Amino acid sequence: MIELSNELTKRRARAFSAGEGALAWYRQRCAATMGDVDMSTGEGVKCYDPSTGMETWTIPESSDHLINTFIERARRAQPKWMKTEPAERAKILWACADALEAEQSELAEILALETGKSLTHECKGEVTLPASIFRYFSGLVHEIKGRSIQAGPKLMGYTTYHPWGVVAGVVPWNVPLMFMAYKIAAPLAAGNTVLIKAPEQATASLAYAFRLIAHLLPDGAVEIVSGSGSGAGNKLISNPGIDKVSFTGSVETGRAIYRQAAKDFRSVTLELGGKNPMIILEDCDLDKAVNGVIGSMRFTRAGQSCTASSRIYVPRKLMDKYREALGLALNDLKIGHALDPDTHSGPVVSKAQQTRIQDYLTSAASDGLDVKSYGNVLDEELFTKGYFVKPHLIFDPEHEHPVSQEEIFGPVATLTGYDSLDNAIEFANSTDFGLSASVWGRDIDACLTCADAFRAGIVQINQNAIMLPGFSYGGIGISGVGKESSLEAMRETYMFEKTNIVNFAG
Ligand code: NAD
């Protein structure tokens, strides 16, 4: 049994009961859809509180029957939704945004409980994003415009955009509410109906958020499928009733989904992992660079971000200075229970992920690399029970080493010295990933040279990785295929373009 403070025990109990309530509502909704027929199959997926390692709840594994029923309903609802006046569709999305502004503190606590992300530094911010995403896409409903081509005096072409039909949106656990919002609001704005695959580790948060908006949406327009990825997730994305798959998650799962989509000739968008470089120039202000590393590497999310700047390059002559300054900043990070308001960084999401990260660290040390750990642990006993990993830096690893090439998805970054800007750019572009890259400094010429040379879908200058409505977001290489988050991306991802040719010569 773990001893927690009274305040923490109370907050944990409140989050647990709110999460259980949301899951009970979700089960009832599925049961109402299915009548007497089983809505779930097998034993479901057991979930744990990553901060304590204690079991929380079991997520139902959606049955074939439930998934088929949701898809049939979504197929029936889609033509009507597509033909609904744009103003009415926009109004519904706006109403969802208003509804998502309610109960944010409850939602933040459930998110912290089930994912282990810091309540203060991660969850409270994330719960505000869905409303702004729904508002943005509400405005785009009126912006779906094609092009026209004057091919001759009496021959004209014009293009129109059309929704795919039924979209399967597969959501990762690490920013689940933000991705759920993107994968509901954008396809709905484009005239599709949607089925969301909830991540096992954040199903209660998604159910809670969905409950806030479900009554505002037409019947069948949006539903949630729950359970394991290889079970319910795979059944959903391979169902012939799905017209488009929009997936965000790991490279490994993305590869399996891409293969399945190729087999079925189904359109697919993939937002996958990253091993993102950050080049710090010689003239960069030290404090700015250090804050930039803490933010860009998402140390407050224990490094569990696809755009985490996990490869940091500094001028070789400044290595010692950066090593010391980063060490001091990382030692200030308070590591503790996700629901403790003093915690800067919580645990990683699961025991399996904790073991995976520790294996990288052990093998780096046994290969003779210089590996250092940091952080201020708030409760040593809790630290041994939860799935905690301290922030780590690995100094000057070879470029071929797995810690330089593979996505660790934990609080582990490499710090490498470079001798010239060309040298830094070459290092930066030396992995198979291509999600994001950043450069930090005052020399605008050098900043723009890096920006131009980076092989990545998202490049930032003096700025942490962010996903803002309006900016297209997506990677190249093994980081993915396609874009999300903007008007262009909405058309490209959730609609197909039709070319119409008119001969009006008579
Ligand atoms: P994951 O691939 O394990 O799971 C993602 C989702 O896919 C979950 O909902 C899971 O249930 C489902 N899934 C798993 N197997 C499936 C299958 N065979 N068929 C259908 N669905 C399946 O990833 P995760 O651990 O939830 O998320 C972390 C990963 O996501 C990291 O690699 C991170 O870099 C990446 N990510 C990428 C972006 C981006 O925008 N590029 C954003 C966030 C996270």
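Only the coordinates and a few stated rules stand behind these numbers; no lab work does. Quick caveat: nothing in here was measured; it's all calculated off a predicted structure. Cβ atoms come from the backbone with ideal geometry, glycine included; neighbour counts cover every protein chain shown.
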Check: How about the range 269-327: which of its residues are on the phi > 0 side of the Ramachandran plot and charged (D, E, K, R)?
Finding: 298
Checklist line | the range 242-280, subset aromatic (Phe, Trp, Tyr) and not in a helix (DSSP H, G or I), residue farthest from the ligand (Cβ to nearest atom) | finding: 265
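Got at least one residue in the range 209-227 being out of contact with any Gly (no Cβ under 6 Å at 6 or more places or on another chain), more than 24 Å from residue 96 (Cα to Cα) and within 13 Å of the ligand (Cβ to nearest atom)? Can you show your working first?
Applying the first criterion (out of contact with any Gly (no Cβ under 6 Å at 6 or more places or on another chain)) to the range 209-227 yields 209-227.
Those left that are additionally more than 24 Å from residue 96 (Cα to Cα): 227.
Now restrict to residues that are within 13 Å of the ligand (Cβ to nearest atom): 227.
Scanning the range 209-227 turns up at least one residue that is out of contact with any Gly (no Cβ under 6 Å at 6 or more places or on another chain), more than 24 Å from residue 96 (Cα to Cα) and within 13 Å of the ligand (Cβ to nearest atom).
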Check: Just checking, which of 413, 456, 489 is of a type outside the set (S, T, N, Q), within 16 Å of the ligand (Cβ to nearest atom) and under 23 Å from residue 261 (Cβ atoms)?
Finding: 489
Notebook entry, point to check: Are any residues in the range 36-91 farther than 29 Å from residue 133 by Cα, in a helix (DSSP H, G or I) and acidic (Asp, Glu), and if so, which ones?
Noted result: 64
Next item on the list: Sort out which residues of the range 94-126 are within 21 Å of the chain's Cα centre (by Cα), touching a residue at least 60 places away in the same chain (Cβ under 8 Å) and closer than 16 Å to residue 184 by Cα, and write them in order of number.
Entry: 96, 100
Item checked: Positions within the range 473-491 being surrounded by 17 or more Cβ atoms within 10 Å (Cβ to Cβ) and either free of Cβ contacts under 8 Å to residues at least 24 places away in the same chain or part of a loop (DSSP other than H, G, I, E, B) (or both), in sequence order -> 474, 475, 482, 483, 485, 486
Notebook entry, point to check: If we scan the range 349-356, do we find a residue that is more than 16 Å from the ligand (Cβ to nearest atom), over 21 Å from the mean Cα position of the chain (by Cα), of a type outside the set (D, E, K, R) and surrounded by fewer than 16 Cβ atoms within 10 Å (Cβ to Cβ)?
Noted result: no
Margin query: With the requirement that a residue be within 16 Å of the ligand (Cβ to nearest atom) and either part of a strand (DSSP E or B) or closer than 22 Å to residue 401 by Cβ (or both), what does the range 300-319 give you?
Written below: 302, 303, 304, 305, 306, 307, 308, 309, 310, 311
